[in-house]
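Reviewing the structure listed below.
The values are calculated or read from the model by the stated rules, or taken from the named source; none is laboratory data. Everything numeric here is computed off the predicted structure, so don't read it as measured data. With ideal geometry, Cβ positions are generated from the backbone for all residues, glycine too; neighbour counts draw on all protein chains shown. To get the accessible areas, we keep the full protein, side chains included, count just its heavy atoms, and leave off ligands, DNA and RNA. Shrake-Rupley method; radii C 1.70, N 1.55, O 1.52, S 1.80 Å.
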Amino acid sequence: MLDLRKVKKELEPIIERLSLRGGDFRYLREIITLDQERRDIIVHLEQLKAAKNETSKKIGLYKREGKDVRPILESIESDKEKISSLDQRLKSIDSTIDEMLLNTPNIPHQEIPVGKDESENIVIKKVGDLPTFDFEPKPHYEIGVNLGLFDFERATKIASSRFVVYKGLGARLERALISFMMDLHTEKHGYKELLLPYIVNQDSMTATGQLPKFAEDAFKLIDDRHLYLNPTAEVPAINMHRNEIIPLEELPIHYSAFTTAFRQEAGSAGRDTRGIIRLHQFNKVELIKFTTPDDSYKALDAMLADSEAVLKALKLPYQVIELCSGDLGFSMAKTYDIEVYIPSQQGYREIGSISNAEDYQARRGNIKFKRARDAKPEYVHTLNGSGLAVGRTVVAILENYQQKDGTIVVPEVLRPYMNTDKIK
RNA sequence: GGAGUAGUACUCAAGAGGCUGAAGAGGUGCCCCUGCUAAGGGCAUAGGUCGGGGAACCGGCGCGAGGGUUCAAAUCCCUCCUACUCCGCCA
């Protein structure tokens, strides 16, 4: 959520920066008018309430002294109505302002590239050598089905399309990757391991920015508690500290969490229909940080390096891109995507995303810290990154490590987890 | 799922319509005392948030959350949430 005070102070520059995302944000001008009305009401309302409090006290006194309170009671009768109607008006203004702010995305960081969509993202580095094949490399779904690693038909029988059953060494590979990634981040990169709920409530979804605007992307439970299936570990992990003031000495907080993520993939009909690139359910290892505002961009770069370390260890070629303003996620000020090389597509596919939300989620979730014992609380910055999407890592391994005979060489770092050096 | 009990500040806890923005204790901070430590004494300690004001400061909200009754609610009523106890069920 944007800071209302800041919006008021820098209205036009903010509208201009937001519009770099695409879309019209001139509606924010209305906030200024609404806010002025809101303040006027508050001033008036508080005067009335203060007077009413005085009067009530007086009534108490009079009663104890046995005096007649009827005249006083009559004198405040009209204020009562004024107060309740002003209260109502205030509530309605507050909720209008709130709704506007909740539906307004984060302001893109000053230095990110300006562009209208993903075609204007900028490749900032390429790492690793592309594999060479003396045969036609197969797509992962063919390899996986041939080796008996995936079963799409039965997954559809069990659930629906866009699900998969992993079998045998396929299931083992997925599990091995989860363990490998979690071990790397917790033991080498200093993150604290979390195992989180896979169901989150409406407040959590709102704090991180999935709601109210992107309700159609989430799986909502049919239940009057307004619960959702976890769409990404970012949601439960950031909400660990919702409505908290984190002691300064606990910052920065680094969490790593494996979760299963659930997405409706609304609007993706027809895209990536084959294979395990885009499923309703997938596994992901996530990195989450809470930092002071001063440290968040350093922390972002460090997180990117932690993410990259997974691909480096697996010896998979990848590129890092910086998202342009038009491709930026709703809650984020700046985002790097990591894209892994997919031989069958002769191109790169997103396998991870590392973002700084600055104070946007912290404000929605009321997550603060204090610089000193008697200092005013300030919002923390929140960051999240993939470390990595596990299913897509499976895709990358199958395709990049495929052999002419149809088998897969297991990347060295995974062998202790796989108990084999070959999938055949 | 049934039946019950409870949620008050950093912690424990009193409070049962107005004199309570909240007794008391612990903790914490500052000071005194003591050669150091322990013990003792004094003072302070509702955070947070919204609004007014140049500021000092003033005011609104706030006793799990949200509604309601009342001139007035921590205190009465309703709904919800959470924790605990008992019963049932269950990995």
query: Does A:Thr273 satisfy the condition of being in a loop (DSSP other than H, G, I, E, B), surrounded by fewer than 16 Cβ atoms within 10 Å (Cβ to Cβ) and of a type in the set (S, T, N, Q)?
result: yes
Among the residues listed as A:Gly128, A:Gly144, the single one being open to solvent by 40 Å² or more (accessible area, probe 1.4 Å), touching a Leu at 6+ places or on another chain (Cβ under 7 Å) and either of a type outside the set (Asp, Glu) or within 30 Å of A:Asp35 (Cβ to Cβ) (or both): A:Gly128
message: When you check A:Ala261 against the structure, is it surrounded by fewer than 20 Cβ atoms within 10 Å (Cβ to Cβ), modelled with pLDDT of 95 or more and not β-branched (Val, Ile, Thr), yes or no?
response: no
message: Can you tell me which residue is surrounded by the fewest Cβ atoms within 10 Å (Cβ to Cβ) among those in the range A:400-422 that are assigned to a strand (DSSP E or B) and free of Cβ contacts under 8 Å to residues at least 60 places away in the same chain?
response: A:Lys422
- prompt: Are any residues in the range A:147-166 surrounded by fewer than 16 Cβ atoms within 10 Å (Cβ to Cβ) and either in contact with a strand residue (DSSP E or B) (Cβ under 6 Å, 6 or more places away or on another chain) or of a type outside the set (Lys, Arg) (or both), and if so, which ones?
  reply: A:Gly148, A:Glu153, A:Arg154, A:Thr156, A:Ile158, A:Ala159, A:Ser160, A:Ser161
message: Quick check on A:Val123: is it closer than 26 Å to A:Leu323 by Cα and aliphatic (A, V, I, L, M)?
response: yes
- prompt: Can you find a residue in the range A:297-310 that is at pLDDT below 95 and of a type in the set (Val, Ile, Thr)?
  reply: no
- prompt: Can you name the condition, by its number, that A:Gly148 falls short on among (1) part of a helix (DSSP H, G or I); (2) in the same structural domain as A:Ile338 (by TED's automatic domain parsing); (3) free of Cβ contacts under 8 Å to residues at least 60 places away in the same chain?
  reply: (1)
- prompt: Somewhere in the range A:42-55, is a residue out of contact with any Lys or Arg (no Cβ under 9 Å at 6 or more places or on another chain), closer than 30 Å to A:Gln202 by Cβ, within 12 Å of RNA strand B (Cβ to nearest atom) and β-branched (Val, Ile, Thr)?
  reply: yes
field: Number of the exception - A:Leu18 against (1) among the hydrophobic types (A, V, I, L, M, F, W, C); (2) more than 12 Å from RNA strand B (Cβ to nearest atom); (3) over 30 Å from A:Cys324 (Cβ atoms)
entry: (3)
